[in-house]
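Chemist: One structure follows; several queries about it will come next.
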Amino acid sequence: MLRAHDITAGYGRRPVLSGVSLEVPPGRTVGLGGPSGCGKSTLARVLSLMMRPTSGEVSIDGAVVSRWRQRAPRSLRTSVALLYQQPRTAVDPRMTLREIIAEPPAAAGRRSPSLVASLAGEVGLTGDLLTRRPHEVSDGQLQRACLARALTLEPRYLICDEMTTMLDTSTQAHLVAVVLAYQARTGAGVLAISHDRVLLDRWADSTVAWGARPAV
């Protein structure tokens, strides 16, 4: 279980979340809906251990998180993967798509060209695209690479923060299908964040809807 309990978090002195709790069970997809500015992305950063909350508790399969960002134990950091809404802000523009996908295992001291090739094929990237850099591909192609990158270390939980917002309908459907196939294969839990309620109704097993401000 990926669990946030009584989370308060924000930027500077401005709280964005106040007393928020949420649970993502293994093997299930929880949808989180709401308009821009209601704190969905802030919660995604907290749950992925990229942002320390002001108060509250995050736990991963019963292990309470006490350190954040690169200070968190590797076993916890690699348990949760975050897929961003805007892929161009999430990658090194100097890298090729192949290098982007291979980045997490390389950082862990593991190089697996066969895994990179397999995941690239799974998300729909052809070999010629893997040699290109971000400015040479579309947003959809780059987001495919980011999804493949997120899956390289086989996270137990995947947070998809508006991952389909900038994409056409066919690419949206393909990426959701890849996530569902990964979930069926591994039993991973998924937090699907979107302002698109129709998408969440089709994708998620259950959905939490926030208004202009998260409930406290």
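Chemist: Could you look through region 1-14, keep only residues that are in contact with a strand residue (DSSP E or B) (Cβ under 6 Å, 6 or more places away or on another chain) and within 19 Å of SER36 (Cβ to Cβ), and pick out the one that is least open to solvent (accessible area, probe 1.4 Å)?
Modeler: Only one residue tops the list, namely ALA9.
Okay, residues lined up against (1) touching a Cys at 6+ places or on another chain (Cβ under 8 Å); (2) modelled with pLDDT of 95 or more; (3) under 21 Å from PRO104 (Cβ atoms); (4) surrounded by fewer than 18 Cβ atoms within 10 Å (Cβ to Cβ):
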{"position": "GLU136", "(1), (2), (3), (4)": "no, yes, no, yes"}
{"position": "GLN143", "(1), (2), (3), (4)": "no, yes, yes, no"}
{"position": "ARG149", "(1), (2), (3), (4)": "no, yes, yes, no"}
{"position": "THR169", "(1), (2), (3), (4)": "no, no, no, yes"}
{"position": "ALA181", "(1), (2), (3), (4)": "no, yes, yes, yes"}
{"position": "HIS195", "(1), (2), (3), (4)": "no, no, no, yes"}
{"position": "LEU200", "(1), (2), (3), (4)": "no, no, no, no"}
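Chemist: Could you grab the pairs with beta carbons closer than 6 Å, sequence gap of 6+ or different chains, first residue in region 39-53 and farther than 11 Å from ILE159 by Cβ, second one part of a helix (DSSP H, G or I) and of a type outside the set (D, E, K, R)?
Modeler: PRO53/VAL46
Chemist: Further question: Filter region 54-84 down to the residues that are of a type in the set (A, V, I, L, M), surrounded by 14 or more Cβ atoms within 10 Å (Cβ to Cβ) and without any contact (Cβ under 8 Å) to a residue 60 or more places away in the chain and list them by number.
Modeler: VAL58, VAL65, ALA72, LEU76
Chemist: Another question, if that's okay. Outside any helix (DSSP H, G or I), within 19 Å of the chain's Cα centre (by Cα), under 29 Å from ARG144 (Cβ atoms) and polar (S, T, N, Q) - does that describe any residue in region 63-72?
Modeler: No, because not a single residue in region 63-72 is outside any helix (DSSP H, G or I), within 19 Å of the chain's Cα centre (by Cα), under 29 Å from ARG144 (Cβ atoms) and polar (S, T, N, Q).
Chemist: Working carefully through the options LEU199, LEU129, find the one that is in contact with a strand residue (DSSP E or B) (Cβ under 9 Å, 6 or more places away or on another chain) and on the phi < 0 side of the Ramachandran plot.
Modeler: LEU199
Chemist: Same structure, new question: For THR89, which of the numbered conditions (1) more than 19 Å from THR152 (Cβ to Cβ); (2) modelled with pLDDT under 95; (3) crowded, with 16+ Cβ neighbours inside 10 Å fails to hold?
Modeler: The one condition THR89 does not meet is (3).
The values are calculated or read from the model by the stated rules, or taken from the named source; none is laboratory data. Treat the numbers as computed from the prediction; the structure is a model and nothing was measured. We place every Cβ from the backbone using ideal geometry, glycine too, and count neighbours over all the protein chains shown. For accessibility, only protein heavy atoms count, side chains too; no ligands or nucleic acids. Shrake-Rupley method; radii C 1.70, N 1.55, O 1.52, S 1.80 Å.
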